[in-house]
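**Student:** Structure provided below as structure tokens; questions to follow.
The values are calculated or read from the model by the stated rules, or taken from the named source; none is laboratory data. Note that this is a predicted model, so its numbers are computed, not measured. So basically every Cβ, Gly included, is an ideal-geometry build from the backbone, and we count neighbours across all protein chains shown. Surface areas here come from the heavy atoms of the whole protein model, side chains and all, with no ligands, DNA or RNA. Shrake-Rupley method; radii C 1.70, N 1.55, O 1.52, S 1.80 Å.
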Amino acid sequence: MSASVPTGRVEDGFGLAVQEKMIRTWCRQQGHTLGRAVYRDEGDSGTLPAPERPALADALSEVEDGQAAGIVVGRIDRLARRLVTQEAVLAQVWKNNGCVFSADQGEILQDDPEDPMRTAMRQMMGVFSELEHSMIVARLRAGRKEKAAQGGYAYGAPPYGWQAVDGELVEQPAEQVGLARARELREAGASFREVCRRLEAEQIPPRRSDRWHPEAVRRMLQHEAPYTLRPRTT
């Protein structure tokens, strides 16, 4: 079986390298063959819907096109951290006659009207995963508020083109080149997908991935100017 493999965001000590090793070991033990790529949603939150997670969207497309027979993840919560997204992804794979596997549980079986407990157990796991994520977010927000009160930059990873220095966002020179080029291409009428192709052809790398994705370019171009958590004081 050929399988496309999205690995979720680095968090909770279950980083991308750990997930990929776990997946490869499981596939080898179970006799499954991985496809041409291991898809990584690096830096993209598992709370986002599938269309906003480029790697997951690519993996789902492979299943839809028949290039892969299914998807493998390290744990089912790597598929999504929102129950509604988890269920939507599973439904899409099953609709295209694909399978979903997690390295810690094996195949995630489709719903069976004769066995409603199967669906209930899976969804309860999704609910607890979502609750765990919400609690982590709440703690992070509290920590960021405290950091902000002390004058530090507290909004997580700065957008492409910027870096945090002493509580302020300043230009990151190499990334500013890519940002300017992407903006130039868009203003000339290029689609987000065409911008991706041109940036890759010109060897302008994204920050956390091996390739550009349309959604990443769209988000990148939303940030027209630097911002800080606190206004600058004079």
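**Student:** Restricting the search to the stretch 18-55, which residues are buried (at least 21 other Cβ atoms within 10 Å of the Cβ) and at pLDDT 85 or above?
**Tutor:** Listed by number, the residues that qualify are Q19, I23.
**Student:** Just need a number here: residues in the stretch 67-102 that are open to solvent by 20 Å² or more (accessible area, probe 1.4 Å), outside any helix (DSSP H, G or I) and touching a residue at least 24 places away in the same chain (Cβ under 8 Å).
**Tutor:** Within the stretch 67-102, residues that are open to solvent by 20 Å² or more (accessible area, probe 1.4 Å), outside any helix (DSSP H, G or I) and touching a residue at least 24 places away in the same chain (Cβ under 8 Å) number 6.
**Student:** To continue, here is another question. For the stretch 189-219, how many residues meet the condition of being of a type outside the set (K, R) and assigned to a helix (DSSP H, G or I)?
**Tutor:** Number of matching residues: 11.
**Student:** Report whether or not G161 is within 30 Å of P206 (Cβ to Cβ), at pLDDT 75 or above and touching a helix residue (DSSP H, G or I) at 6+ places or on another chain (Cβ under 9 Å).
**Tutor:** Working: within 30 Å of P206 (Cβ to Cβ): yes; at pLDDT 75 or above: yes; touching a helix residue (DSSP H, G or I) at 6+ places or on another chain (Cβ under 9 Å): yes.
Against the criterion (within 30 Å of P206 (Cβ to Cβ), at pLDDT 75 or above and touching a helix residue (DSSP H, G or I) at 6+ places or on another chain (Cβ under 9 Å)), G161 qualifies.
**Student:** Kindly evaluate A59 against the criterion of being crowded, with 17+ Cβ neighbours inside 10 Å and either within 23 Å of K21 (Cα to Cα) or of a type outside the set (D, E) (or both).
**Tutor:** Working: crowded, with 17+ Cβ neighbours inside 10 Å: yes; either within 23 Å of K21 (Cα to Cα) or of a type outside the set (D, E) (or both): yes.
Answer is yes for this residue.
**Student:** Sticking with this structure for a sec: Could you tell me how many of the residues in the stretch 171-208 are of a type in the set (A, V, I, L, M), closer than 11 Å to G161 by Cβ and open to solvent by less than 60 Å² (accessible area, probe 1.4 Å)?
**Tutor:** Taking the stretch 171-208 and keeping what is of a type in the set (A, V, I, L, M), we get 174, 177, 179-180, 182, 185, 188, 190, 195, 199, 201, 204.
Add one more test, that the residue is closer than 11 Å to G161 by Cβ, and what stays is 174, 177, 179-180, 182.
With open to solvent by less than 60 Å² (accessible area, probe 1.4 Å) added as a condition, the list becomes 179-180, 182.
Selection size over the stretch 171-208: 3.
**Student:** Filter the stretch 104-153 down to the residues that are outside any helix (DSSP H, G or I) and within 21 Å of the chain's Cα centre (by Cα), then identify the one that is modelled with the lowest pLDDT. Before the answer, list the steps.
**Tutor:** Filtering the stretch 104-153 down to residues outside any helix (DSSP H, G or I) leaves 104-115, 150-153.
Going one step further and asking which of them are within 21 Å of the chain's Cα centre (by Cα), we end up with 104, 108.
Details: D104: 88, I108: 91.
Within the stretch 104-153, the match that is modelled with the lowest pLDDT is D104.
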